[in-house]
1. Mind sorting B:R317, A:R28 by how few other Cβ atoms lie within 10 Å of their own Cβ, fewest first?
2. First check a/c for segment B:192-267, with a ≥ b ≥ c the square roots of the eigenvalues of its C-alpha gyration tensor; if it is under 1.5, answer rounded, and if not, answer prolate when a/b is larger than b/c or oblate otherwise.
3. Which angle between 0 and 90 degrees, to the nearest 10, do you get for helix B:255-268 versus the longest principal axis of chain B when only C-alpha atoms count?
4. For chain B, what is the percent of antiparallel DSSP beta bridges, rounded to the nearest 5?
5. What nm distance separates the two modelled labels at B:K300 and A:E351, each placed 7 Å from Cα along Cα→Cβ?
6. For B:K222, which lysines qualify as cross-link partners when the Cα separation must be under 23 Å and same-chain residues fewer than eight apart are set aside?
7. What value in Å³ per residue do you get for the convex hull of the alpha-carbon atoms in the protein assembly as shown?
8. Using θ = phi - 60° and the Karplus relation 6.51 cos²θ - 1.76 cosθ + 1.60, list the HN-Hα couplings for segment A:306-312 in order, rounded to whole Hz, with x at every Gly or Pro.
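FYI, it's all coordinate maths here, none of it is from the lab. Since the model is a prediction, treat every value here as computed from it, not as a measurement. A quick note on method: Cβ atoms are made from the backbone with ideal geometry, for glycine too, and the neighbour counts reach across all protein chains shown.
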Protein chains: 2
Amino acid sequence: MSKVYISGIGQLPVREHWDYSLRELAARAVLLAMDDAQIESADALYVGNMLSGILTGQENLGTLIAEYTGLEGIEAIKVEAACASGAAALRQAFLTVSSGILETVVVVGVEKLTELSGFQTTAALATAADADYEAAMGLNFCAINALLMRRYMHEYKYNRADFAEFVVTAHRNAVHNPNAMFQFEITQEQYSKSKMIADPISLLDSSPIADGAAAVVITSNKKSIIPERTVSIACCEPGTDTIAVHNRNNPLWLKGVEKSTFKALKTAGVSHQDIDALEGHDAFSIMSALSLEAGGFAEKGQAVATANNGEFDLDGRLPISVFGGLKGRGHPVGATGIYQIVESAMQLRGEAPNELQLEDVKRIMTQNIGGSGSNVTTTILQKATF
Amino acid sequence: MSKVYISGIGQLPVREHWDYSLRELAARAVLLAMDDAQIESADALYVGNMLSGILTGQENLGTLIAEYTGLEGIEAIKVEAACASGAAALRQAFLTVSSGILETVVVVGVEKLTELSGFQTTAALATAADADYEAAMGLNFCAINALLMRRYMHEYKYNRADFAEFVVTAHRNAVHNPNAMFQFEITQEQYSKSKMIADPISLLDSSPIADGAAAVVITSNKKSIIPERTVSIACCEPGTDTIAVHNRNNPLWLKGVEKSTFKALKTAGVSHQDIDALEGHDAFSIMSALSLEAGGFAEKGQAVATANNGEFDLDGRLPISVFGGLKGRGHPVGATGIYQIVESAMQLRGEAPNELQLEDVKRIMTQNIGGSGSNVTTTILQKATF
């Protein structure tokens, strides 16, 4: 197996991008990453995207984006794994490059969610759930996460206010990320008074619908890389679970996250203590709690208490959502997994905004989760050694 | 690189499947293939599908189908490359297995196109074209292929009736394929009188909207295979072109097909003469002509004449559409590429229906084309040697 490096990164601010079409968003991110890597061609383009067909009437994204970025003729496909499409595309590219079959691959995550009404977008997002047995019953992801959060509160004796810490932390970090959608703090009090969406999920428990694109160049070619800008991919490991939550023995235990996380640690040959920061998938605050527990970063039923102890703050034991997470940076679905990678690469390159730059950071885990924990990819990035 | 074998195949008849949902179609094909390979688990499931989100409100297909087939927990993704999604999924699985990273992968192509009206399905299929510059102008694939066919007729001096041969041949073969949608012959006269859809494309130039699912088990594990049922994948090579036809220097020359075909021949170390049959992508009769020329199986402008010489008949130089092709077997978009593989494996295993079984067949090419030739994957299968 060849060692795989991230030799270039690019991202657009997460926003409502009324001025850029889907192809423009994607192409700009790709070209930024290729400029950063100082390359003009690649062997393939892998696109992570979930909803371009439903929301913008465009499939065949691989070909579209390859052409629009001047990469016409190269291998180009779209990979879909719900909200984890970005990292799933990275996983495929990682396999292809680590096997030595291709040398340099560009991976772009892109999503344009604000073309239609919020109602239509929420319905489109529900296609990540079981269409026949969840979505058809009116269960969108706010509702599914509300059921999980209510059960968690009952099981482990928490109040709604206890979850505020995840949201306050994410927004506090996002203030310093110029690419974040929400560059402002929110207080415990604002959280408590937040508009209810699906009890107990409030507006401020929910990551926002957003447009965005982020891209990375991955390569096994040591000669082509610029050492001080290069980060290693130690592993990129998948895990899945049932698509419908009601088919799980314990709905509060995300088996896909457990499988993906522990496999990633094993492949990278490291332990939980070796992970210096985690860019996780806080689509809803309950998803942070559940994934931290299944991944082994908090005891069962203790993630919320651990968060309230400050252990996931920037100066805590394991900083999470360093760049704002899905809640603060925004959640452009198929792009989110690549934003996590780009942000973590910046951190390891020492290029994070001053307020967010961690000291002595060697190794970062990113975790991209699709559906209600049904499709998960966990990646570990580390400083490159040559 | 490990040698890659097809150790199991499964397919459902191509039909309007009112009695099976999307997941049931896919699961039945997967279980048939796993039964055929005599395996009960696999390392991953790759799904080729284009339109499940738009037409059946279901994304996250990898997870859905893995769960429904008892493969819960394994790596599972969907690959999309328009009408070439099936073969694009196979290509990813082939890379993963040939690299030795995974050992056994199930690939399923599935599409359910008859849930909505023909109008809605035709609009959904147009998402494989350029949404902003083709589909938005009212160009669906009938219209795009009509422009290509009209230009071809003008350029190379053909009449509409000259194209009948592709259609007559496909239907003549489909009669003997129990999984074909149209098991009846059509005559030159019927073709000539066929209802016009988009002049000069008639109903009988067009492959039908259909439901279907087909699956293969691919593996590098020689110990697990049943030699007499096993076929080798010699190569699986991609090629792309601009998504919009108007961006091509010569709209009658499919550069993606040329690239994919010649790369496949080179990788397999064989020449055109070594290919004993071709399951090509006759979504429209003009697409047969253009792809045979770009792939080097007919001279420029001569594919139609060559067809009329009988060279693509069952007993001709290079039999095409042996199982009926997209025209006769049907075209369940994301499944089509896997139907081609299953049919060719049957041929090499000597399990084709008597009337369709070719003598001394050693090597078959399949070619799955997405969009207007914008995303192509060419695969060469051959008898396995041990």
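1. Numbers: B:R317 12, A:R28 21.
Going from least to most buried by this count: B:R317, A:R28.
2. Verdict is oblate for segment B:192-267.
3. Approximately 40 degrees, to the nearest 10.
4. 70 percent
5. Distance between the two pseudo-spin positions: 4.5 nm.
6. B:K3, B:K362, B:K383
7. It is 137 Å³ per residue.
8. Those phi angles translate into 4, 4, 5, 7, x, 6, 9 Hz.
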